[in-house]
1. Can you tell me how many residues within region B:123-143 are buried (at least 24 other Cβ atoms within 10 Å of the Cβ) and over 13 Å from B:Tyr67 (Cβ atoms)?
2. Within region B:188-243, work out how many residues are part of a loop (DSSP other than H, G, I, E, B) and under 23 Å from A:Val93 (Cβ atoms).
3. Just for region B:16-55: of the residues that are outside any helix (DSSP H, G or I) and not β-branched (Val, Ile, Thr), which one is nearest to B:Phe147 (Cα to Cα)?
4. Which one of the conditions (1) at pLDDT below 90; (2) within 23 Å of the chain's Cα centre (by Cα); (3) crowded, with 19+ Cβ neighbours inside 10 Å; (4) within 12 Å of chain A (Cβ to nearest Cβ) does B:Pro205 fail to meet, given that it meets all the rest?
5. Under 9 Å between Cβ atoms, which residue pairs at least 6 apart in sequence (or on different chains) link something in region A:62-80 that is at the interface with another protein chain (Cβ under 7 Å from one of its Cβ atoms) with a partner that is outside any helix (DSSP H, G or I)?
6. Here are the criteria: (1) assigned to a helix (DSSP H, G or I); (2) within 7 Å of another protein chain (Cβ to nearest Cβ). Tell me which single one B:Leu91 does not satisfy.
7. Considering only residues of region B:24-70 that are of a type in the set (S, T, N, Q) and at pLDDT 90 or above, which is farthest from B:Asp137 (Cα to Cα)?
8. Out of the residues in region B:217-230 meeting the condition of being within 8 Å of chain A (Cβ to nearest Cβ) and without any contact (Cβ under 8 Å) to a residue 24 or more places away in the chain, tell me which one is surrounded by the most Cβ atoms within 10 Å (Cβ to Cβ).
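The values are calculated or read from the model by the stated rules, or taken from the named source; none is laboratory data. Nothing here was measured: the structure is a model prediction, and the numbers come from that model. Heads up, the Cβs are rebuilt from the backbone with ideal geometry, glycines too, and the neighbour counts pull from every protein chain shown.
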Amino acid sequence: MQSETLTLITILGMALVTYVTRAGGFWLMGLVTPSPRTEAWLKQIPGAVLVAIIAPTVLASSLAETLAALATVLVAIRTKNVLIAMVVGVAAVWLLRLILK
Amino acid sequence: MQKANVSERDNFTSEKMTFTLSGALLGAKRTIPLAISGFAIGIVFGVLARQAKLSFIDALLMSGLVYAGASQFVALSLWTAIPFPMTAIILTTFIVNMRHLLMGASLRPWFSKLSPWKVYTSVFFMVDESWALTMSDFAKGGRDAGFLFGSGFILYIAWVSSAVIGRTVGAWIQNPAQWGLDFAFTAVFTALLVGMWKGKSNLLPWAVAAIVAVAAAHWLPGKWYILLGGIAGSIVGAINDAK
């Protein structure tokens with residue numbers, strides 16, 4: 001159990017670094033122009049980070065998670081709706097865990 | 001040459017920019033469907049915040065002050081680690097949100113003549129969705145910078161109120177894993193990734209990110225696999241792009 005002060009400092013730290021990312025791009029572009037290489041790297045970050053977050057669960061936990069992720073991908077491609085894909089993914093993992101137990 | 005064109009466009013567009021209430025209302029109106037989706041995902045955040053043992057005040061403060069969905073879900077997944085990984089949470093939040101730097105940079109030609117307090121207030125409410133809608137409005141001829149604020153603000157109201165409701169309703173959900181709710185993070189990120197897929201050029205960097213993350217999750221303690229996989233994958237992607 002962590003202390004209230006520690007969690008509060010963590011949340012304020014998260015808020016600060018997030019605001020820096022929101023204001024920093026506009027601010028920096030008023031000073032310098034980022035190199036094409038830096039720009040190319042920044043563009044790659046969101047996808048790579050999201051892959052890294054899900055990879056251990058999707059690829060290295062159990063068959064239920066792998067199959068449910070596959071169902072989520074198929075629904076997301078078909079509907080282009082994150083919310084529907086999420087609901088299907090959660091329902092699929094619930095069902096598959098019951099079946100594959 | 002390229003630079004001269006950019007600064008010409010800069011002057012041209014920013015001279016004509018306004019920042020009005022009607023622009024903000026238009027932005028809010030156009031964002032209503034996304035705000036409904038955001039509300040539903042915010043409920044899930046609130047429920048999972050309770051599962052991760054965040055206090056009511058902490059959940060409210062996180063949604064109200066950080067206001068960045070993906071990084072908040074990541075923070076929840078780190079929250080119960082012992083010892084409490086404060087540095088990892090803040091660092092990962094920064095890494096996950098670094099994409100905002102590019103979004104903010106792209107506002108420069110449009111917002112450069114507006115007063116700083118309008119710009120730096122508007123960007124507090126800027127999320128992927130409001131930024132994308134605003135850029136699409138500007139591309140179609142819209143010249144009211146209030147659009148970004150209005151779009152971001154309605155999403156903010158939806159996000160914070162739904163977190164409060166989810167955190168409260170979560171009281172009646174005893175074991176989210178029993179209902180598959182622990183998989184909600186993974187499902188949301190998976191669906192977001194589908195939207196980010198640009199073609200075969202993503203294959204190598206994403207494979208590298210996945211392999212490094214799986215290996216790091218296996219060999220290293222805690223959740224450092226997110227940083228390591230993200231950095232490895234994005235560097236490979238940037239090198240791949242340069243070829």
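1. 1
2. Of the residues in region B:188-243, 2 are part of a loop (DSSP other than H, G, I, E, B) and under 23 Å from A:Val93 (Cβ atoms).
3. B:Phe19
4. Condition (1) is where B:Pro205 drops out.
5. That search, which allows pairs on different chains as well, returns A:Ala68/B:Gly180; A:Ile77/B:Trp197.
6. The single condition B:Leu91 does not satisfy is (2).
7. Looking only at region B:24-70, we keep the residues that are of a type in the set (S, T, N, Q), and these are B:31, B:37, B:51, B:55, B:63.
When the remaining residues are screened for being at pLDDT 90 or above, the result is B:55, B:63.
Details: B:Ser55: 39, B:Ser63: 27 Å.
So the residue we want is B:Ser55.
8. Only one residue fits best here, namely B:Gly229.
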